[in-house]
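The values are calculated or read from the model by the stated rules, or taken from the named source; none is laboratory data. Note that the structure is a prediction, hence the values are computed from the model and not measured. We place every Cβ from the backbone using ideal geometry, glycine too, and count neighbours over all the protein chains shown. Note: accessible area is taken over every heavy atom of the protein model, side chains too, but ligands, DNA and RNA are not part of it. Shrake-Rupley method; radii C 1.70, N 1.55, O 1.52, S 1.80 Å.
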Amino acid sequence: MEAEDVRREVRAWLEANWNPDLSLVEWRNKLADSGWGAPTWPERWHGRALPVALGDVVSEEIERIGAVGPPTGSGMTLVAPTLLEHGSDELKGRLLRPILTGEHTWCQLFSEPGSGSDLAGLTTRAELDSGTDEYVVNGQKLWSTSAHHAMFGMLLARTNWDVPKHRGITYFALEMHQPGVVVRPLRQMNGYASFNEVFLNGARVHRLNVIGEVGNGWTVALATLAHERRMFDAIQARGRSPKGKGRAIDENRAEIADLMEPYKWYPQRAGRVDLVMERAKATGKIKDPVIRQEIAKLLIMSKAAEWTARRARAAQEQGKPQGPEGSLGKLVSSNVARQAARVHTYITGADALLTGEDSPMNGVIAEILVSVPATSIAGGTDEIQRNIISERVLKMPKEHSVDTNKPFKDVPRNIAASS
Ligand SMILES: Cc1cc2nc3c(=O)[nH]c(=O)nc-3n(C[C@H](O)[C@H](O)[C@H](O)COP(=O)(O)OP(=O)(O)OC[C@H]3O[C@@H](n4cnc5c(N)ncnc54)[C@H](O)[C@@H]3O)c2cc1C
């Protein structure tokens, strides 16, 4: 199918069907029935099996007519692709549609106090309760963005301690609203509370909620992580509701306000390169040759990163295998954010530390300074990205590992060392 055929067909459908007076769920159910809500998903699962580039044409038309589109967030961007790749038909049948209608929201329960970079070393345990079809889960998760809103969690837990660490992990769809799950918000240094610690104390999950095979959770987790970067792009691109009036639009506005609340500071975390020229001109610092050089360096880095990302996307749309751009992009975004924070500090001077109404840009500059460090941690730290680039792209020798081949129960861990 050509782009113009898709455009014509979706446009005609939207003109005949978009009705802002429906409830959000009623409208999204219509989208799901038509296949236009998730055009890149298979036809059997509410989609039209279109390639990514044609999916973008559908989004453009939804935006053009001012209709509400599918939800943005980890359900659509992380969970759905993982389910489509690894989930059983029973799970796809049960979980995909409420993700598409926005009725189910999700969070990611991967990181733990002792396992972030070394995610495969996680120690949350899930044990099958004998005589039942349920696993009992005990452990603690950390940094869990949006866990305070979520109805389901993508949970990684250890189900086998007698095999090496990567082979004993299982991936579950965990219901969050149950007595064994306690979610506590964590306050960050920029004042927001986007993430949580999640205590799992006798939480229960049915064996039908295993995504992939028991013990194969690491492979499934890699599928989720491969989509993580696209999630931030999607949130930035689609985290706004259409203008206009109507029940579906109002409910979408409320949904987006909830969804975006943990991500409010994400533009500041990326360094706000967009503000640099405006600030340099407004403060007169544009005339300072040293600051001008730093600005030029920032804009060159930022443009090169943007074009590299576009090249990667163009290759992906043509069905070419992923090149080194994916691994480089994450590291480059940290460098851009850090340089942007430096340039904002040169421009604003000591006042960059001020917050409150009479501070530079109502405290936005200060917020940049205390949010940028998250860029080099979230979704894999800079050091881990460098390891990936050196091992997988440059084919340098692998980092020495002492724990990948022995049964996980025999691997020394901090808890054992301190007791
Ligand atoms: C904004 C944000 C949102 C997040 N959202 C989520 C979420 O929703 N769900 C979730 O599960 N997690 C989430 N995380 C957690 C994130 O994935 C982890 O913080 C990250 O993987 C790093 O793990 P850690 O914090 O345990 O640091 P550690 O792994 O303890 O690392 C500490 C330091 O040691 C370095 N280091 C570790 N191993 C190596 C190595 N092999 N070689 C060289 N250096 C090394 C690291 O680079 C780092 O500097 C989020 C984090 C942030 C900042």
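Leaving out ligands and nucleic acids, and using a 1.4 Å probe, what accessible area per residue does region 122-184 come to in Å²?
For region 122-184, the per-residue accessible area is 41 Å².
Calculate, for region 24-67, the solvent-accessible area per residue in square angstrom, rolling a 1.4 angstrom probe over the heavy atoms of the protein chains.
42
Provide the gained length on full extension for the span Asp162 to Arg313, in nm with one decimal, where the gain is 0.36 nm per separating residue minus the Cα-Cα distance.
In short, 50.2 nm is gained.
How much of the accessible area of region 110-212, in percent, comes from carbon and sulfur atoms when a 1.4 Å probe is used?
For region 110-212, the apolar C and S fraction of the accessible surface comes to 49 percent.
Can you give me the Kirkwood hydrodynamic radius for region 1-129, using every pair of distinct Cα atoms, in Å to one decimal?
16.3
Using θ = phi - 60° and the Karplus form 6.51 cos²θ - 1.76 cosθ + 1.60, what ³J(HN,Hα) does each residue of region 172-177 get, whole Hz, x for Gly and Pro?
10, 9, 9, 6, 7, 8
Label-point separation (nm) for Arg247 and Ile377, each offset 7 Å from Cα along Cα-to-Cβ?
4.4
Taking the Cβ-Cβ separation of Lys398 and Ala226 as r and a Förster radius of 25 Å, what is the calculated FRET efficiency to the nearest 0.05?
Working from the Cβ atoms, E equals 0.80.
Can you tell me the order of 157-170, 353-366, 50-63 when each peptide is scored by its average per-residue count of other Cβ atoms within 10 angstrom, highest first?
157-170, 50-63, 353-366
Could you check the simple spin-label distance between Thr283 and Lys406, using points 7 Å along Cα→Cβ, in nm with one decimal?
About 5.4 nm, to one decimal.
Treating cross-link reach as a plain straight distance, find the lysines whose alpha-carbon is under 22 Å from the alpha-carbon of Lys330, omitting any fewer than eight places away in the same chain.
Lys264, Lys297, Lys303, Lys320, Lys395, Lys398
Nearest-5 percent of antiparallel DSSP beta bridges in the chain?
80
Using only the alpha carbons of the chain, what is the convex hull's orientation-averaged projected area in square nanometres?
23.9
With the cut-off at 15 Å, report for region 1-67 the share of all Cα pairs above it, as a whole percent.
Tail of P(r) above 15 Å: 48 percent of Cα pairs.
Which whole-number value in Å² is the accessible area per residue of region 369-416, probe 1.4 Å?
Averaged over the residues of region 369-416, the accessible area is 68 Å².
With just the Cα atoms of region 247-405, tell me how far they stretch along each of the three principal axes, in Å, largest first.
57, 53, 37
Tell me the mean residue ellipticity at 222 nm calculated for the chain from its helices only (DSSP H runs of n ≥ 4, each -39500 (n - 2.57), averaged over every residue, nearest 500).
Working: 15 runs with 180 residues, N = 419.
Rounded to the nearest 500, it is -13500 deg cm²/dmol.
Which percent of the accessible heavy-atom area of region 294-387 goes to carbon and sulfur, probe 1.4 angstrom?
59
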